[in-house]
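Scroll down for the structure; my scribbles are underneath it.
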Protein chains: 2
Amino acid sequence: MRLSVFNVLAFACALVLATHAPLLAQDAGQAAASNGSSGINLMPQPTELTPGQGRLLIDGSFRVALTGYQEPRLQRAAGRLLQRLTKQAGISFNDQLETDASKATLVIACERAGEVVQSVKEDESYTLEVTPQNAHLSATTPVGVLRGIETFLELVTLDDKGFGAPAVTIHDHPRFAWRGLMMDVSRHFMPVSVVERNIDGMAAVKLNVFHWHLSDNQGFRVESKRFPKLQQLGSDGYYYTQAQVKEVIDYARDRGIRVVPEFDMPGHSTAMLVGYPELGSAAGPYSIERHWGIFDPSFDPTNEAVYTFLDAFIGEMAGLFPDEYFHIGGDEVNGKQWKNNPQIQAFMKAHGLKNTGDLQGYFSKRVVELVEKHGKKVIGWDEVLQPGLPKTAVVQSWRGPRSLAEAARQGYTGILSAGYYLDLMQPASQHYQVDPMEGATANLTADEKARILGGEACMWAEFVTPESVDTRIWPRMAAIAERLWSPEDVKDLDSMYRRLAATSHWLDSIGLMHHTAHAYMLERLTELQPTTTLQMLDSVLEPVKGYAREGAREYTSLTPLNRLVDSTPPESENARRFVRLAADPGANQGAIRKQLTAWRDNKAELVPLMQSSALLQEDVPLAEDVSALAATGLQALDYINSGKPAPDSWVTDQKEFIARARKPRAELLIMIAPAIEKLVDAAAKSGT
Amino acid sequence: MRLSVFNVLAFACALVLATHAPLLAQDAGQAAASNGSSGINLMPQPTELTPGQGRLLIDGSFRVALTGYQEPRLQRAAGRLLQRLTKQAGISFNDQLETDASKATLVIACERAGEVVQSVKEDESYTLEVTPQNAHLSATTPVGVLRGIETFLELVTLDDKGFGAPAVTIHDHPRFAWRGLMMDVSRHFMPVSVVERNIDGMAAVKLNVFHWHLSDNQGFRVESKRFPKLQQLGSDGYYYTQAQVKEVIDYARDRGIRVVPEFDMPGHSTAMLVGYPELGSAAGPYSIERHWGIFDPSFDPTNEAVYTFLDAFIGEMAGLFPDEYFHIGGDEVNGKQWKNNPQIQAFMKAHGLKNTGDLQGYFSKRVVELVEKHGKKVIGWDEVLQPGLPKTAVVQSWRGPRSLAEAARQGYTGILSAGYYLDLMQPASQHYQVDPMEGATANLTADEKARILGGEACMWAEFVTPESVDTRIWPRMAAIAERLWSPEDVKDLDSMYRRLAATSHWLDSIGLMHHTAHAYMLERLTELQPTTTLQMLDSVLEPVKGYAREGAREYTSLTPLNRLVDSTPPESENARRFVRLAADPGANQGAIRKQLTAWRDNKAELVPLMQSSALLQEDVPLAEDVSALAATGLQALDYINSGKPAPDSWVTDQKEFIARARKPRAELLIMIAPAIEKLVDAAAKSGT
């Protein structure tokens, strides 16, 4: 049936660009078209996929049987599968499992129990065979079953015959054993419901590590029974009780996801020092940090009371978190408090520690001993790669892939996060092209390469709230998840974007809020007025990249994040598509002209609306410039059509204007500016 | 600032009609415009509202103080107020209450405790004064405070200066003491989360009774510890535990809402008889009913074991539900099992019961005695109005207002539900015009009128699921809520629709899913393709009215409710607006033509898309006819412009076509057909 849709969509595409359909749907429409009759849009792409003939219809008679090894986690997984299918298809299913496998539509066969505490060694492989008659999912362990269930669910789509899954044979297993998402819940606290729905999303794209950044300068987020002042004075009341932590761990385990806690030290620890200032390297009192950046407060590595405290604290937390790894942070210590403290200076001299780096190494060594004493292995940011670090440690490379290669050469395991920072607002393509085995690591020996366990995306929380965080994680996270799961040669960007659009749509059915929160935030900006025109502007913008927002105005943790820049998705699908259209103005002139006209004319309604909203007034220059850019593009098309080059003075003026229009305003960028510039360049060369 | 928006919106309106903005936003835009500078859109309309000068700005410094009587319920309410404000404004607030009232932005003063168990006598009045400096909310009881908080929250909007509330003085109290929503959770089970979010919506529009229809032929939905087979065999596993029931009751009490349970008997009781067939009037076994309609199974009024059972069962449930009222149903007993049972016939003869109505009266009397024995007053559907009914009973009139008048004349209290059935898909205006004090009740004496306690909307669940139920309750529920709260003379339909649109938008921020579920269901119908064109069709359709769906095809409780008719809102805002436009083709010709052109041309993209979706194929004739109707409308405009009457043959043909197009297809109606017919009529008379 996909073929019959092809023509419709090709026709629809240009129209849709000009009107205001959800971006997602447009891209997905292309996906359906471009995949021709197979219509298989999976992300991550399975290791081996062989399309079959026909389709398994899914209707109210759908039944699931569990065979082989049984455990409650599998039964719960089967129950969730049925609920998810109900959400996807709008069909209620009999939620009693079928005991006679010959009568089931989907037979799940699990061979044996998985690990009691899931580790990097867990077998996650599975085989899924779908025929027009039924489907068989088999896996060695329950975690493999969980992975296969997600693949099965994503195969289910609606066509002209009904809901169903295409006949297919899939043999699948992950490329890397460690595939994570780090969520910073310190800078902006994220309630359990937000964490859990993102864990659902992680499971959907086959991630397996939830790295919980629980402590930083701006907040300490776990109940400690041993040291209650940590949360009482360091959290503003926003912390997880130990019962909630256990709930999240159980929730994640049910979805085949490990939970690795991080308590960042010796820096990034202001919030811990609020309750226990005597452990700091300078005289207190300390107060919860409200700004973003790198700050001075730090544990005092020369104070034995610090290690007494950490022994008890790590012991308590090691008991709470079952994972074999314990993240000790270790990043961004500026050493100022150490330099300014004569006692610390004296200690360094006495122990032959030449600089603050050496002192941090000493601290790390002591902390690592405590972590190991409590039965855990250490993971830390790449600063922990210091002499004396035990070989069991995992180095998390955030400053660049070189530290990953260096760690592997030195015999450490490592994971890559450099290139996977979701908060930097880079396009999915950019993250997708970062491979833990390329660049600095490419020349490692096979043994060294084997020490590269995978990677983790990082969602630092300076500029996200519980409301907006999904819009920053999804759908780009899925592209990184594919990089870490799928074979190294799965790297075609067009295919990735097509499948990403389909997956982003599918993630709606899982409960992620990236689309609904975006729509809601735009509605808020326009109060009771139509969002149509604002959507059109928003759809060609992106937030500024990297750390540009931190310098743009004085932000604190109390600054409302309710402006357009907080709503606009990190990546403009419309701009990306327009860039492709504009690359061939000859072939696509009609579509380009229609789109540019709509953008040019949008301003008339939009600007007065923006002026009536206190939150949108700052964005008026963007609306003006998008309109002017579109007008420039239309003029360029006229020159191109004329067959004569555009006058130099016009070209110069336009290029100056475009250069101005490319500059950020209100922390937003106009992403169609480069494509307009290309049209101007083409106009300059017209007829030559 | 609203004035400055006026022109924008007047301009935007026609354009928006032609494109695809959310309907809500359009209507709300009109609301903002039409209210001029006051911008006050409250629903229910307060009893007394005096606009002031200026506006209270709401920013991060907003603080709340509680003064006077204190209780945890008030503190929780203040906490929710801050969370709600955060959701509305995207601003995080200090969630510690301000102890110094002089420093608070909003000072809440409560005089005294309310009732231990909220009753119809609860004082719900409040006074709210907003000035540019601060706001004062005062009420006699915590329930009055809750009502005032909702008013305050709905006052908060965004303008060109920021978020704020207009200066205003409000004195408010309800017209009726009983303002309810009945949810049927038997025909389709509704999880606790669905119940709770709808209770949030109820609180927002100042309703105060959640009537929980817990038992019917299709399912028994509460855990009974005394008679566990009720839920074990009568619920398919979908029931509320007693802990969940208590949670819902507490949740409702926190929001000033009573919870009245209903166990429908002696009919509508198949699900109860599945576990206890010996209590039925015919030999068992019984099985859970899967169809809709009126069925034979009924308790046996002549069997003393029935009363022994009900004594214990009502005793258990009376202990679980604290409300003073206990709903015993009593509706739609067809008496067939009674007529066919010789023992029952003999009993009737022996006791002088002339017909099954008398027998039901006998049963009711016995059940009422048991309810009173367990300390409760009875409420029942209007069939319970039989000789011997104690005067403490409440009669719920569902068959028409006459029974309400009759009950009041006989000395009973009563509430009105006839005219408030949300499942019948009537427009908000129709419900709004039903007044408990008009029609049959208008001529009652003052004493009799005082017995009319209010009314309840009913959400019967044949055709709703947890996914879609919000789209059937909201926003129309708010119009009924206003009828029951606001003064009798608040009845202007234009004002109602303007404010309803604003309130519907506001309800999004409360977590109701009427907009998001609608959007999601349309996405599902189109799989990965753009929903734009389907939205345009959907926006001029409505589901068939009354009980027409039951006859349209064979439905069971297992039939998927995932078709277009299940997604389409009960009331088409676009059609309503077009009807107004088309009423004056002279003045609105440009807007009408633009809209008709868009509708006419929509088919080209839409029909192939529909053919590719198994669920949309049945709706293709609707798409074809909307296009053809629009073409007819455009031709009519041409005739009107020509200044000469359209030819008779054309008029005849078009009217025949329109008559066909008005007939339901796929259980949907094209709501613009009458307006097109008016254009044809105008064309027929053109120039004459």
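No lab work stands behind these numbers, since they all come straight from the coordinates. A quick note: this is a predicted structure, and the numbers were derived from the prediction, not measured. Glycine also receives a Cβ, built like all others from the backbone with ideal geometry; neighbour counts cover every protein chain displayed.
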Distance from region A:573-638 to region B:217-289 (C-alpha centre basis), Å | 59 Å
Taking N as the number of residues in chain B, what is its alpha-carbon radius of gyration divided by 2.2 N^0.38 Å?
-> 1.02
Other chains near A:553-565: what is the mean number of their Cβ atoms within 10 Å of each residue's Cβ?
-> 2
Taking each residue of B:506-512 in turn, how many C-beta atoms of other protein chains fall within 10 Å of its C-beta, and what is the average?
-> 1
Counting only DSSP beta bridges with both residues in the protein assembly as shown, tell me the antiparallel percent, nearest 5.
-> 40 percent
With only alpha-carbon atoms counted, please give the Rg and Dmax of the protein assembly as shown, in Å.
-> 33.3, 110
To one decimal in nm, how far is A:Arg580 from the same spot in the other copies, if labels go 7 Å from Cα toward Cβ? Please give the shortest first.
-> 4.2
In debye to the nearest 20, how big a dipole does chain A give about its Cα centre with +1 on each Lys and Arg Cβ and -1 on each Asp and Glu Cβ?
-> 460 debye
Under a 5 Å amide H to amide H cut-off, with H placed in plane at 1.01 Å, what residues pair with A:Gly162 once short-range neighbours are removed?
-> B:Ala614
Protection proxy (average C-beta count within 10 Å per residue), highest first, orders A:352-365, A:205-218, B:424-437, A:450-463 as A:205-218, A:450-463, B:424-437, A:352-365
For region B:48-172, what does the equivalent ellipsoid look like in terms of its semi-axes, each the square root of 5 times an eigenvalue of the Cα gyration tensor, given largest first in whole Å?
-> 23, 16, 12
Percent relative contact order of chain B, based on C-alpha pairs within less than 8 angstrom and at least six residues apart?
-> 12 percent
Between region A:158-178 and region B:298-343, what is the C-alpha centre distance in whole Å?
-> 52 Å
Burial order of peptide ranges A:563-573, A:335-345 (average beta-carbon count within 10 Å, highest first) | A:563-573, A:335-345
Leading residue at positive end of dipole, the protein assembly as shown (Cβ point charges), from B:Gly267, B:Gly687, B:Thr392 = B:Gly687
Simple Cβ-charge dipole of the protein assembly as shown, Lys/Arg +1 and Asp/Glu -1, about Cα centre, in debye nearest 20 | 520 debye
Work out the charge dipole of region B:449-598 with +1 on the Cβ of Lys and Arg and -1 on the Cβ of Asp and Glu about the Cα centre, then indicate which of B:Thr471, B:Leu525, B:Thr556 is farthest towards its positive end.
-> B:Thr471
In debye, nearest 20: dipole of region A:48-172 around its Cα centre with unit charges on the Cβ of K, R (+) and D, E (-)?
-> 320 debye
First check a/c for region A:602-688, with a ≥ b ≥ c the square roots of the eigenvalues of its C-alpha gyration tensor; if it is under 1.5, answer rounded, and if not, answer prolate when a/b is larger than b/c or oblate otherwise.
-> prolate
The base-10 log of I(q)/I(0) that the Debye equation returns for region B:479-587 at q = 0.14 Å⁻¹, one scatterer per C-alpha, is -0.80
Using only C-alpha positions, report the orientation-averaged shadow area of the convex hull of region B:526-684, nm², one decimal.
-> 9.7 nm²
Near A:Asp625, within a Cβ-to-Cβ distance under 10 Å, what is the net charge of the other residues, with Lys and Arg +1 and Asp and Glu -1?
-> +4
Could you point to the residue in A:Ala591, A:Leu534, A:Pro608 farthest towards the positive end of region A:526-684's charge dipole, with +1 and -1 charges on the Cβ of Lys/Arg and Asp/Glu respectively?
-> A:Ala591
When the convex hull of the Cα atoms of region A:178-510 is projected onto a plane and the area is averaged over all directions, what value comes out in nm²?
-> 16.0 nm²
Quickly rank A:85-94, A:660-669 as a protection proxy: mean count of other C-beta atoms within 10 Å, highest first.
-> A:85-94, A:660-669
Flagged links, alpha-carbon separation over 29 Å, of A:Lys121/A:Lys491; A:Lys87/B:Lys225; A:Lys603/A:Lys678; B:Lys87/B:Lys376; B:Lys545/B:Lys603; A:Lys336/A:Lys376 | A:Lys87/B:Lys225; B:Lys87/B:Lys376; A:Lys336/A:Lys376
Per-residue average of other protein chain Cβ atoms inside 10 Å, peptide B:610-617 -> 5
Using alpha carbon centers only, region B:663-688 is separated from region B:476-525 by a whole-angstrom value of 27 Å
